[in-house]
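Peer 1: To start, I am sharing the structure in question, which I have written as structure tokens.
What follows is calculated from the coordinates using simple rules that are stated; it is not laboratory data. Computed from a prediction, not measured in an experiment: that's the story for all the values here. Ideal geometry is used to build each Cβ from the backbone, glycine not excepted, and the neighbour counts take in all protein chains shown.
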Amino acid sequence: MELYLPVVVLSAIAGLFAVGSVLMSSVVGPKRYNRARLDSYECGIDPVADPGRNARTIPVRYYTVAMTFIIFDVEIMFLVPWAVHFDQLGSFGYLAVVLFILNLSLAYAYEWRRGGLDWD
């Protein structure tokens, strides 16, 4: 149990810091709210009021494409070390990467079928 004591202490300090930061920001932070602060903010673009809607928003498709890029970028980040040490990992390493690629291929096929990779 004494081996886990530093981990428990560090976790407690991190938790206290997180809770303390939130509490201090609500106590010390300014309480003045104005129209600009309560207005929606999206990537530095000022929302423009449309006649039928409250404000123009960025479509969710933008975020979907960004998340797809991040997922496949992380895939490459995991495959490069595997390729470097392929001969040392043996059959367990091969099976792990096959399952990893199968999982990502299913996600890729799902995204393709939904039309998430089509550019309008």
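Peer 1: What is the order of ARG32, ARG113, ARG61, fewest Cβ neighbours within 10 Å to most?
Peer 2: So the residues, fewest neighbours to most, are ARG32, ARG113, ARG61.
Peer 1: Sticking with this structure for a sec: Using the basic label-point model (7 angstrom from Cα toward the beta carbon), what is the GLU2 to ARG61 distance in nanometres?
Peer 2: 6.3
Peer 1: Rg to Rh ratio, the stretch 59-114, alpha-carbon atoms and Kirkwood radius?
Peer 2: So for the stretch 59-114, dividing Rg by the Kirkwood Rh gives 1.10.
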